[in-house]
1. Report, by residue number, each residue of the stretch 195-216 that is in a loop (DSSP other than H, G, I, E, B) and in contact with a Phe, Trp or Tyr (Cβ under 9 Å, 6 or more places away or on another chain).
2. Would you pick out the residues in the stretch 152-163 that are in contact (Cβ under 8 Å) with a residue 40 or more places away in the chain and either over 21 Å from LEU192 (Cβ atoms) or open to solvent by 40 Å² or more (accessible area, probe 1.4 Å) (or both)?
3. Every residue in the stretch 8-29 that is within 20 Å of GLU58 (Cα to Cα), among the hydrophobic types (A, V, I, L, M, F, W, C) and open to solvent by less than 30 Å² (accessible area, probe 1.4 Å), please.
4. Could you pull out the residue among ALA89, ALA126, ALA113 that is touching a helix residue (DSSP H, G or I) at 6+ places or on another chain (Cβ under 8 Å), touching a residue at least 40 places away in the same chain (Cβ under 8 Å) and of a type in the set (A, V, I, L, M, F, W, C)?
5. Mind listing whichever residues of the stretch 85-142 are β-branched (Val, Ile, Thr) and either part of a strand (DSSP E or B) or open to solvent by 50 Å² or more (accessible area, probe 1.4 Å) (or both)?
6. Every residue in the stretch 59-84 that is assigned to a helix (DSSP H, G or I) and farther than 24 Å from ALA196 by Cβ, please.
Amino acid sequence: MSARIAITGAASGIGAATAASLRARGAEVVGLDINAGGDDVLACDVRDQASVDHAVAEAIERLGGLDVLINCAGIGDPQSAGERPEEDALRVLDVNLLGPWRVTAAALPALRASRGRVVNVASGLAHLTVPLATAYCMSKRGLVAYSDALRIEHGDAITVTTVYPGYIRTPIHDAAAAKGLSLEGAVPAESLEDAARTLTRAALDSPKRDLATTRLGELSYAFLRVAPRGLVDWAVARQYKRGGFDDSQLVTRPEE
């Protein structure tokens, strides 16, 4: 029997590439996205619980059940930690953090019935905070906590995997680039294919708790989990100052 999979953010970027990869492995896939397209991607606004409930119910009906949910929808928009959070920051938190919670809650009865899986797409920035990506870093670190809470509460019936892509050249970075901010050149770029391949593994192969999308990412995140936080903050600030950020925004020093 083919795996029955729903994936958010399926209209573009990592979500679209993953949906194609899953179908190539024989899975039945229904996409959910605010930008619906064709028969394979249903309209779903992850900021609206009614929209989520309707789309998830339709996906489950089409698939005849649900074995895997991949929460891949995400957006990015830069903000300063010292400024008042405005609509752009709230939108990032709503989509990236509360969105997976809404979708998972709607899908949970079907997932428990099939003893299925949830795959949450976090980010390398759940491990490494960078300047002027305040809401994004908060949302992705918070999503790791949501994965942990879901696993603790429902691990009797489902498995939960968190995936940590690095910097990938997809439209999620367009808003930052439009404001003159970019990770390009500051961190190594990963390929879209690596992310899609890893998410496919997370959905179809033996379940893992955490997965990086490259070997370099895996080693980097292992280091960041044990490195002194003050030293990491200082190193990040120094790197970004070299990239042209104003010193008044980046004044951190390594802790004694």
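1. Initially, the stretch 195-216 is screened for residues in a loop (DSSP other than H, G, I, E, B), giving 205-209, 213-214.
Within the stretch 195-216, just THR213 meets the criteria.
2. Result: HIS154, ALA157, ILE158, THR159, VAL160.
3. ALA10, ALA19, LEU22, ALA27, VAL29
4. Going through ALA89, ALA126, ALA113 in turn, just one is touching a helix residue (DSSP H, G or I) at 6+ places or on another chain (Cβ under 8 Å), touching a residue at least 40 places away in the same chain (Cβ under 8 Å) and of a type in the set (A, V, I, L, M, F, W, C): ALA89.
5. VAL118, VAL119, VAL121, THR129
6. GLU61
The values are calculated or read from the model by the stated rules, or taken from the named source; none is laboratory data. All figures in this text were calculated on a predicted structure; none of them were measured in a lab. No Cβ is skipped: glycine too gets one built from the backbone with ideal geometry, and neighbour counts run over all protein chains shown. Areas reflect the complete protein model, heavy atoms only, side chains present, ligands, DNA and RNA absent. Shrake-Rupley method; radii C 1.70, N 1.55, O 1.52, S 1.80 Å.
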